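The values are calculated or read from the model by the stated rules, or taken from the named source; none is laboratory data. Quick caveat, the model's predicted, so the values are computed rather than measured. All Cβ positions, glycine included, derive from the backbone under ideal geometry; neighbour counts span all protein chains shown.
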Amino acid sequence: MVKLSKEKLDKVETILDRFPKGQSSLIGALHAIQLEIGYLPEEVQKLVAEKLEIPESTVYGVVTFYNFFRKEPVGKYIITACQGTACHVRGAGSVIEAFEKTLGIKVGHTTPDGKFTLDIARCFGACGLAPVVMVNNDIYGRMSPKKVEEVIAKYRD
Amino acid sequence: MRVRSLDDLKAIAQRALEKLCGRRIRIAVGLATCGIATGAEEVYSAFLKGIESLKRDILLTKVGCIGYCREEPIVNVVIPGKALLLLSRVRPEDASEILKNLIDGDVPREKIVCRVKEWDHLLEKIHYGDGFTDVSLYEDTPFFKHQRKIVLRNAGIINPEDIEEYIAVGGYRSLYKALTEMTPEMVIEEVKRSGLRGRGGAGFPTGLKWEITAKSESDERYIICNADEGDPGAYMNRNEMESDPHSLIEGMIIGGYAIGAKEGIIYVRAEYPLAISRLQIAIEQSRRYGLLGENIFGTDFSFDIRIVKGAGAFVCGEETAMIASIEGETGRPRPRPPFPAEKGLWGKPTNINNVETWCNIPVIVYKGGEWFSKIGTKNNTGTKVFSLVGEVQRVGLVEVPLGTSLKRIVYDIGNGCPDGLKVKAVQIGGPSGGCIPEGLLDIPVDYESLKEVGSIMGSGGMVVMSERTSMVETAAFFVSFTSEESCGKCAPCREGLKQMLNILNKILMGKGSPSDLELLKELSETIKTTSLCGLGQTAPNPVLTTIKYFKEEYEELIKRYD
Ligand SMILES: Cc1cc2nc3c(=O)[nH]c(=O)nc-3n(C[C@H](O)[C@H](O)[C@H](O)COP(=O)(O)O)c2cc1C
Ligand code: FES
């Protein structure tokens, strides 16, 4: 298991100090932590349970239940392709394939250099511009397999 | 400044009207998610640079979205005294040309979609003026012609991050009226009279729900806004929040007063960061103006709102699962009864309504239930916003009176499929809706008619599918969605959907047998009647409607195996 640095764990603690104890703080706290360090490994879950004074199993249950929470580390850039209905009928499948081919990874995986993670989403609510892809917080509409390289190039540095 | 009276509101309105149609040229860039996705931020920057280098007193501002997604990025411009002009597909490199023209009192014709002489914000009208008579009018433009804007009355026209512009078009006057001229019972009565039904899908009468919650014995009550909008292909609520957040907030404050709640919660899905940030800005502004918080308008009514972020679980759109999620638990539905109106959040009476339901409230209070009830049809009053997407030429958000025919929406507004393709079906109601075949598009959109053909209203997603779409594959697509999103608490939904998906995949691979169709139907009936919550109870709809209307596609695939 990868160990988080002391610095990161301190950050997690500082975040947790902002939340009152008890289960009702749990989801908000997990959001804040994931925003800061990218994912929620076991040691973080333990810390959350300790600080909010709730059972570890509860924290684990919640982290597992909600799609938004990640237990694995992710790349610097998360490319999320929408596979909602509108994007699906407008060719999301071929866009996703093009990403897989260009990045050389399958959906759900991260490139070996730790740069890109490829993921799938349900709908960003930009269905009028289907197919839609998001890279971290940047959103790209009217995608096509041809535009895939162009989008990735922006993040290659 | 704290607003204490109607005069205060009027003074702010006067001042802010100067921004909307004053003595300066106004350039407003549509900066909702769809605009941003097509480069509207770069367009905004280009205008900003251009204005700086021209050293002119031009007002550059941001607005939400007017709904015409196909034409994004959309910019609207107002030259003092002349009609507002809607410009389409504006690119950063167009900015300098547009600016040059504007200064000369003109606009490049090829960019113009239409002109607006007067905009009806319902509580207030803004008269822009004449000019550009060679350009077609908003009300004659095919995409807008059949629409009627109540919920989206301000979207794309006012700056959603400026409470004063909302006040300029009549904002918070309904709240003033409710708090100073009406008792909570009178507000509920007005909502009942309007005939408004919940826009989150089930169509439960809103006034009645409020009354039940208000009458539940308790010292504390809560109200919740359901902004989870989980149906893929639906984004009405996102736009309502991004383009006009104060409408929602005002609706909720009025609801809090009527129901007797001191706290409101907006549960927004995490996938909507811009909506969350605009709501946060709006809530802070309302507090600063004394419209949220203690003693609103100097009355003894106090109320506040906070935002809770979802975490990517479709089932959390279901009201009891949502309550569990707000309490910090896994979002699994709880058996009803007890209904949230009796025992909801923290065990207290709780009223949950969809974003769009809340956005109708200020208009109903101001114009009266009677006025509202005349729009739409007898048991389906008012308008509904639909996201018209998929294989349709004019994609976008359309708001039409309930009872409008599907044909009108798909053909007159949407102009049918692109590339000369024929429309095959329209999928309504999200993953739990149904696929309505082209031959039935004469039906009016209302809660009952949609149910009759095996679909549901749902939240308003309308995905058009052309002749090249495989309906069996579509059914499998939806079942794979609902099966993955099943919370796993009850067996019919958890196991039954998995089994259905297996059968559908088998058929798709050409390995199905004729008895599979019967099996699918039987499974559907079991899942529908025995599931714990609405997810399972409606999940078989896409399968049932495609078997009913497109049986030959299943048979074709099955025949290949024989
Ligand atoms: C699986 C499932 C998902 C739902 N998702 C939503 C949703 O995203 N938004 C919504 O407003 N209602 C959703 N609902 C309906 C809510 O349970 C509830 O009926 C609604 O929020 C009530 O508000 P209304 O009366 O204003 O329609 C969902 C229901 C089910 C069963
Ligand atoms: S379906 Fe892809 S953004 Fe909505």
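Within segment B:215-262, the residues that satisfy the criterion of being farther than 26 Å from B:Glu399 by Cβ and not hydroxyl-bearing (Ser, Thr, Tyr) are B:Lys215, B:Glu217, B:Asp219, B:Glu220, B:Arg221, B:Ile259, B:Gly260, B:Ala261, B:Lys262.
Figure legend. Inter-residue proximity from segment B:24-38: first residues away from chain A (no Cβ under 14 Å), second residues at pLDDT below 95, beta-carbon distance below 6 Å, spacing 6+ or different chains. Indicated pairs: B:Arg24/B:Asp57. I'd like the full set of residues that are among the acidic types (Asp, Glu) and under 23 Å from the mean Cα position of the chain (by Cα), limited to segment A:6-20. Selection gives A:Glu7, A:Asp10, A:Glu13. Does B:Lys177 count as within 16 Å of ligand 1 (Cβ to nearest atom), assigned by TED's automatic domain parsing to the domain that holds B:Glu211 and either more than 24 Å from B:Val398 (Cα to Cα) or more than 23 Å from the chain's Cα centre (by Cα) (or both)? Spelling it out, it is not the case that B:Lys177 is within 16 Å of ligand 1 (Cβ to nearest atom), assigned by TED's automatic domain parsing to the domain that holds B:Glu211 and either more than 24 Å from B:Val398 (Cα to Cα) or more than 23 Å from the chain's Cα centre (by Cα) (or both). A single member of B:Met471, B:Met500 is away from ligand 1 (no atom under 15 Å from the Cβ), aliphatic (A, V, I, L, M), in contact (Cβ under 8 Å) with a residue 40 or more places away in the chain and within 14 Å of chain A (Cβ to nearest Cβ), and it is B:Met471. The test for being hydrophobic (A, V, I, L, M, F, W, C), within 14 Å of another protein chain (Cβ to nearest Cβ), within 14 Å of ligand 1 (Cβ to nearest atom) and in a helix (DSSP H, G or I) holds for B:Met241. Against the criterion of being closer than 22 Å to B:Ser243 by Cα and without any contact (Cβ under 8 Å) to a residue 40 or more places away in the chain, B:Cys69 does not qualify. Restricting the first member to segment B:199-213 and to residues that are within 14 Å of B:Asp446 (Cβ to Cβ), and the second to residues that are within 16 Å of ligand 2 (Cβ to nearest atom), the beta-carbon pairs closer than 6 Å and six or more apart or on different chains are B:Gly201/B:Gly458; B:Gly201/B:Ser459. Residues of segment A:143-157 that are in contact with a Phe, Trp or Tyr (Cβ under 8 Å, 6 or more places away or on another chain) and surrounded by fewer than 16 Cβ atoms within 10 Å (Cβ to Cβ): A:Lys147, A:Tyr155. Take B:Ser480 and decide whether it is within 16 Å of ligand 2 (Cβ to nearest atom), of a type outside the set (A, V, I, L, M) and surrounded by fewer than 19 Cβ atoms within 10 Å (Cβ to Cβ). Yes; evaluated as a whole, the condition is true for this residue. Each residue in segment A:114-142 was checked for being in contact with a strand residue (DSSP E or B) (Cβ under 7 Å, 6 or more places away or on another chain), surrounded by fewer than 22 Cβ atoms within 10 Å (Cβ to Cβ) and not basic (Lys, Arg), and 6 pass.
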